[in-house]
Every structure is written in structure tokens, then in C-alpha cells.
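None of the figures in this text is laboratory data; all of them are computed from the coordinates on show. Just so you know, these numbers come straight off a predicted model, no measurement behind them. As a convention, Cβ positions derive from the backbone with ideal geometry for all residues, glycine included, and neighbour counts pool all protein chains shown.
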Amino acid sequence: MCSGEGQGDWIKIKLEPHAGRRGRCSQCRRPAPGYDRLPERRWQFVPLWGIPTYFHYRPRRVACVEHGVVVEHLPWSDGKHPLTCAMMGFLARWGRRLSWRETAQVFQVSWEAVYRSVEWFVQWGLAHRQLQGVEAIGVDEIHWGRGLRADNFLTVIYQIDAHCRRLLWVGRRRTKATLRRGLKAPLGPEIVQGVRFVCSDMWKPYLQVIAAQAGQALHVLDRFHITTHLNQAVDQVRRAESSRLRAAQQRLKHMRWPLLRRGSRVRGRARQKLNALLSSKLATARAWELKEAFSHFWSYRSLLWAQAFLDYWCFRAMRSRLEPMQKVARMLHAHEELLLNWFRAKGEISAGAVEGLNNKIRVMTRRSYGFRTYEAMEIALYHSLGRLPEPESTHRFC
Ligand SMILES: [Zn+2]
């Protein structure tokens, strides 16, 4: 037990090498004759009884036949990290339950120490994870931070198989190049060729890359994205209408007499005005009704009937005189084949998988989590959603 200068008490554990055992080469782990000893270093260990604890040790250098004079392998440490592996694993596991700032406060370390620990944990996991057997993937874009610049979007690739749902990759921006990078680096052509289902939004760069690289897979448009497009269209109609109505409020003053008269008696300009009022009042309701009607689409069992319904719905939407709804109809019509793939894949793809993972990412990318850089956030996303394997450790403290 030691008392530091103004930093409270800490426990010092002095380690000595076993006299009868030779050090091992840090490159090949084979025992090698000793060479000399380096000055003392210290590594922070998991706090004992809430007291900061350090290992103190003078590492030996060994003369390996193959690798020359190198520092010996230290089982509790990895590279130049000032924390022991046990401590890094400890902080990383807590960093999944608490925010990083809270973890740092509770265990009396710096935010940076938590960040580096999670980073080490994640990198180990990424290097050791298994990607065989990925059959269904979801590709999506996520908005991040403020503004709508290219850098404010992330591209994510999920595995959405029923037995394993996880984040496979995250990258900056949402261009073709981004997605190509993601399909190349972590997955590789072998895995991509084995994918049977791809689920995505109607974002053009993604559609093109998926068609080019995973042509064998059945490409399904995600139900949740289509619902989002419809909801946005309804909202556009509503906003346009409410500003129109505000302008009309003035004019409404002059509508008193036409409104009080019997409908059939209103003629001429007054009639036109009344018609405009009635139709404008209904725009939001009509848009909403169209949106509601579309949900029926997903309940079909037969591809043919679904197709017939889609055509009919698009026809109605095109005649609705609501520009945002027409836009959605044009979009759906253009991607009819991909939409109908939903029925070809029925039962094999979970409708909510992408949405669920997206929601988790949204929660995490909120500013309150306080990731200071993009890199830190990326690490955190892999950490909590990647289902990565964890490094072995002799002790598990949490
Ligand atoms: Zn060696």
C-alpha cells in the first residue's frame, strides 16, 4: 500500500520473474535465454477493494534465435498499453453498461483509458470473429450529428439472420464507394457471394452496388423504410396544408355568407372558393388514408394479388393530386420488382431486424453519450452491437 503525492492511496504489487523459468520471446512465445532487464514499468490492474492497483515489474529482454533481442512476453500485458489486459477487459465490459464517462468516474481512470480499453477489446473481437454462414444482410444509412452534409451519414451493414443479428460494418458517408469498401474489407467476396438475402432502402447507390456485387442474392426492400417514406409524404402534405390554411384564414372571413347558405345555392366565385376550401381541408386526411391503405400490401400471400394491389394503389395515389404521395407512388412503381421480392422471401427475412438495430444505433449516436470523435463512436458501435468474441482472461470481474 502506498500513498501518492496528492493522488490518494494505491496498491503496489511487485512482480518478480520465476528464477527457474526462462522468459519467452514476445514474437513467437518460445523460451529464450535472458539478455538483460529493462527499467521498471507499471501497469494498472483492476482496482482491489476500490483502491487503484498497479503491477510493478522490470521486463527481461531475451535473445531469441529467430527474432534477436526482444522484450519477453508478459501474460498480463499487450504491447505498450499502460493497463493490464484484465483491466482493459474490465473497463470495456463496464463501458457497455455505463457510458464511458461514468465508467471513467467510477473506476478513477481517464476517459481516454476507457476509450483505449474498449478499442483494444473491439480490435481483438474483430480479428477473431467468425463470418462464415452469413446468409442475410441488411444495408442502411444512418444520420449522425447535426446537418445534412455527406459526412453526417453512416453506412452500416448488419447480419440479419434469425440466429444472429449483429453489426458487421460501419463506415462514413453513404456513397457507392462506401458500400463497396464495406463489402470488400470485412466480408470479402467469398462471404458476399454466399449471401442469399439483402435488405435495403431504395437509396440508388446501394441498389447499384448490391446488384453488381451480390447479384445472386434476393434483394428485398425493407418494409420499415417504405413505411417511413409514406409517413414523410403524409407529413409533407400536412405541413403544406396547414400553411395554406393559415393564409386562407384571412380569406375565410369573407366566406361567412357562402358557408351559411345552403350548398346548392352557392354559385359563381363563391362556389369556387368553397370548393377550394373543402378540398384543401381534406388533403391530409386523403394522404393519411392512402398511407393506411398501403399497409394492406404486406398481408398478401399471393404474389399476383400483391402486384395487382400495388398497381391499384399507385393508380389511386397518382390521381390523388397530392404531389408527395405521387412521388412515393412513382418510387414504388419504379422498384416494383424489388418490392415484390418481399413475397418471394416471405418468412425468411425478419421485417423488424434492420429497424431494431437502427434504433439502437440512433440511441447510441445521440450526443449525450459524449463520443468525442467519429472513431470513438465507431468503436462503441462495434462494442455494443457487433456481438464480438471477447479476449480470454484469467479473471472476470464483471
Ligand atoms: Zn522469437
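Just a few scattered comments:
- Kirkwood estimate for region 92-131, i.e. one over the average of 1/r between Cα atoms, Å: 10.4 Å
- ARG166 versus ARG362: modelled label distance in nm, points set 7 Å from Cα along the beta carbon direction: 2.5 nm
- Rg over Rh, two decimals, region 94-238 (C-alpha only, Kirkwood Rh): 1.04
- Spin-label model, ALA334 to ARG239: label points 7 Å out along the Cα-to-beta-carbon direction sit 2.1 nm apart.
- Dimensions (Å) - region 1-133, Cα atoms, principal axes, largest first: 54, 47, 20
- Cα shape, region 172-243, gyration tensor, a/c 1.5 rule: prolate
- Amide hydrogen neighbours beyond the local backbone of CYS64, cut-off 5 Å, H modeled: VAL69, VAL70
- The chain, Cα convex hull volume normalised per residue, Å³: 214 Å³
- Proximal lysine pairs, the chain, alpha carbons under 21 Å, eight or more residues apart or interchain: 12
- Helical segments meeting 15 Å axial Cα length and Kyte-Doolittle -0.5 threshold in the chain (DSSP H): 85-97, 111-128, 268-294, 303-318, 323-334, 353-365, 374-385
- The simple spin-label model puts a point 7 Å past each Cα toward its Cβ; for TRP298 and GLN208 those points are separated by 3.0 nm.
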